[in-house]
Amino acid sequence: MSLKIEDYALIGDCETAALVGRDGSIDWLCWPRFDSGACFAQLLGGPDNGRWLIAPGDPSARISRHYRDGTLILETLIETDEGAAIVIDCMPLKIRGSHVVRIVRGLRGTVKFKTEWIVRFEYGSIVPLIRRHEDGGLHAVAGPDRVILRTPVMLEPQGADPRATYGAEFDVVAGESVDFTLSHVLSYADVLRPIDPEKALEQTDRTWTAWTGLGNWGKGTRGQEVWTPTIQRSLVTLRGLIFQRSGAIIAAPTTSLPEQLGGTRNWDYRFCWLRDATFTLLALMNTGYTNEAVKWRSWLVRALGGEPSQVRILYSVGGERHQPESILPWLAGYEGAQPVRIGNGAAGQLQLDLYGEVLDALYQSRRHGLVQDDVDWPLQCALLTHLETIWREPDDGIWEVRGGRQHFTYSKVMCWVAFDRGVKSIEQFGLPGPLDHWRDLRAMIHAEICEKAYDAEIGAFTQSYGSKLLDASTLLLGLVGFLAVDDPRLRGTVTAIERDLLRDGLVCRYNTNETLDGLPPGEGVFLACSFWLVDNFILLGRIDEAKALFERLLSLANDLSLLSEEYDTTTHRLVGNFPQAFSHIALVNSACNLAHVAKPLEQRTGCSMQSRML
């Protein structure tokens, strides 16, 4: 049985990632990319679906863990009555190939350990052929995949079937280390020379520390110090979710972790969503990670291609467009939550909000000096020309509902954002375009939304045209500049959401018992939406409430400051895919907004309601 979601830690090499449990078991690892098949899939099944355990032999051992500052290097301290040791887990950076390095160092006395290695390719379904190679390593091979385990510990088959499980027991004494290296290579490619695990660890430490030092969070800004470790951990986590080769950032490294324990809202998030474009860009730019912001913008332009009608809502890390959704029946699901899905059928949905996100991201990147040329301006004009023909259509909405298309308020607002940013690009940067025509379209869309999406009786903008239901996405109306700060409709919308969508002080996306989204009701509170409420409190001058809610949200993270997509207020557990980029991006942006209002008034440069507050 898998651990609680909050009991996992993330390690990664910026091409893929693994989840390491508090018990020392790697229960999830996709190789060679984030979206490849998993060779360890116990997270969604059982040990027979693959895992790699290094754990103390004493079940009463005391265990604590932390990351090395500014890195994704995990250190787990093991203490028993006989001794103490530390297990160091990382995926090396700037080293040829993809590897997992695990080093067990003795600190005091003697500590007994056990290791269990079960490899199953293709999400726990394919049993490999395992042989001890002449190089001393254990080679597990099936189809195109080969993983190689190298260690001085002699692992032996456990049981009658040599394909099933390999394991061993070993001791670590003070001052000595035992190392393990697991490497991935194509089965038909030349086997790489073994790496030196200690040198790989040192190189990885230097690389992460150097990257963290490039950021500007906490440098000379009053009021940031208390949150600095958490913010830096979110930024390192986001860096770990960026596919280095392309610049794409995935939503999460996992699939099918349920949004409700035992439920069916289980989705594959190992892809890159266009709707996250501006949030991601601002989080990177506002914390000083310009290189990652530039690479993200470049990925975005490449992924869009040249034909606006072919734009999709999500892409694979390399920009691939096809992610057919399927179910893996051999996996029991996390704590029995089925189905287990890979791929994402939402890729073929119509989501009008993505046009606003893309145009806003490209506008913000120009506004912040990331780009000086106008090479992609024709593409932006083509996107707006296409949007003009479809903005009146119903769509599937930001939450990718499967209950039929509607005229979702947020989708229409983002259509307004698209034309607004087109207008501002012409006005501020002198780019060519139909300025008066886009101004007219912007005004027309704004008027229609105010007429059809605002309910005077409720005193708020609703989920869709003519609806009486509320939706947390309307918290973004003030943040994107659709409503002025002093507009009473903004205050009324925030008040209505506080009244009807809060659960234990945190924000639900919408009421799943009332909204027809094509799925059984029930999910956790949505953490990104709760951070949006923080931002609205700031807009409305409710600074003390903003700080209190922000700190409450930080307290929901696990002991390593990692957040999932949602939180179950009944069981007090993290739920949904983990760690979730959207949650950490929202955390960083809210922290930047809080730090901004903490500055003296004369230092608040760059603040604009047209730019997600910063």
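For I126, I148, I26, which order do you get if you count the other beta carbons within 10 Å of each Cβ and list the fewest first?
I126, I148, I26
In a shell of Cβ-Cβ distance under 13 Å around L501, excluding L501 itself, what net charge do Lys and Arg (+1) and Asp and Glu (-1) give?
Taking every Cβ under 13 Å from that of L501, the sum is -3.
Kirkwood hydrodynamic radius, the chain, all distinct C-alpha pairs: what's the number in Å?
Every distinct Cα pair counted, the radius reaches 25.2 Å.
With an 8 Å Cα cut-off and a minimum separation of 6 or more residues, compute the relative contact order for the chain in percent.
Across the chain, relative contact order equals 12 percent.
Under the rule of at least 5 residues apart or a separate chain, name every residue whose amide H is placed under 5 Å from the amide H of I126.
For I126, whose amide H was placed from the backbone, the distant partners under 5 Å are F121.
Placing +1 at every Lys and Arg Cβ and -1 at every Asp and Glu Cβ, with all other atoms neutral, what dipole size does the range 1-130 have around its Cα centre, in debye to the nearest 20?
The calculated dipole for the range 1-130 is roughly 300 debye.
So for the range 139-210, taking the charge dipole from beta-carbon charges (+1 Lys/Arg, -1 Asp/Glu), which of T209, G159, A140 sits furthest toward the positive end?
A140
With a point put 7 Å past each Cα toward its Cβ, work out how far R62 is from Q428 in nm, to one decimal.
Once both label points are built, they end up 5.5 nm from each other.
How are the C-alpha pair distances of the range 67-221 spread across 10 Å bins, as whole percents from the shortest bin up?
Bins of 10 Å from zero give 10, 32, 33, 18, 5, 1, 0 percent of pairs.
Could you pull the Cα extents of the range 376-424 along its three principal axes, largest to smallest, in whole Å?
Dimensions of the range 376-424 along the principal axes of its Cα atoms: 36, 17, 16 Å.
Quick one: 3J(HN,Hα) in Hz for the range 203-215, Karplus 6.51/-1.76/1.60 with θ = phi - 60°, rounded, Gly and Pro as x.
For the range 203-215, the Karplus-derived couplings read 4, 5, 4, 4, 5, 5, 5, 5, 5, 4, x, 6, x Hz, x marking Gly and Pro.
Could you work out how far helix 409-429 tilts from the main Cα principal axis of the chain, as a 0 to 90 degree angle to the nearest 10?
80 degrees
Between I390 and N216, what FRET efficiency comes out of the Förster formula 1/(1 + (r/R0)^6) with R0 = 30 Å and r the beta carbon distance, rounded to 0.05?
So, using R0 = 30 Å, E works out to roughly 0.15.
Taking the dipole about the Cα centre of the chain, with the C-beta of Lys and Arg at +1 and of Asp and Glu at -1, give me whichever of L44, Q244, S60 is farthest to the positive side.
Comparing the listed Cα positions along the dipole, Q244 ranks first.
Among T228, I95, W28, whose Cα sits farthest toward the positive end of the charge dipole of the chain (+1 at Cβ of Lys/Arg, -1 at Cβ of Asp/Glu, about the Cα centre)?
I95
Taking H as built 1.01 Å from N, whose amide H comes closer than 5 Å to the amide H of W391, not counting residues under 5 places away?
Correct list: empty.
Ranked by Cβ crowding within 10 angstrom, fewest neighbours first, how are E400, E388 ordered? Could you put the intermediate results ahead of the total?
Working: E400 19, E388 16.
Ranked by crowding around the Cβ, least crowded first: E388, E400.
Starting at the first residue of the range 45-58, write each ³J(HN,Hα) from the Karplus equation 6.51 cos²θ - 1.76 cosθ + 1.60 with θ = phi - 60°, in whole Hz, x for Gly and Pro.
x, x, x, 5, 8, x, 6, 9, 9, 10, 9, x, x, 8
Pull up the cross-link candidates among the aspartates and glutamates for K547, meaning alpha carbon to alpha carbon under 12 Å and not fewer than 8 places away within one chain.
Once the sequence-local aspartates and glutamates are set aside, what remains near K547 is D535.
Ordered by residue, what ³J(HN,Hα) values in Hz, to whole numbers, does the range 247-257 give under the Karplus form 6.51 cos²θ - 1.76 cosθ + 1.60, where θ = phi - 60° and Gly and Pro are x?
x, 6, 10, 7, 5, 6, x, 10, 10, 6, 6
If you put +1 on each Lys and Arg Cβ and -1 on each Asp and Glu Cβ, how big is the dipole of the chain around its Cα centre, in Debye rounded to 20?
Using Cβ point charges on Lys, Arg, Asp and Glu, the chain gives about 860 debye.
What is the extension gain from D373 to R96, computed as 0.36 nm multiplied by their sequence separation minus the C-alpha to C-alpha distance, in nm to one decimal?
Details: separation 277, 0.36 × 277 = 99.72 nm, distance 3.50 nm.
Length gained, D373 through R96: 96.2 nm.
None of the figures in this text is laboratory data; all of them are computed from the coordinates on show. Note that the structure is predicted; figures quoted are calculated from it, not measured. Glycine gets a Cβ as well: all are built from the backbone with ideal geometry, and neighbour counts include every protein chain shown.
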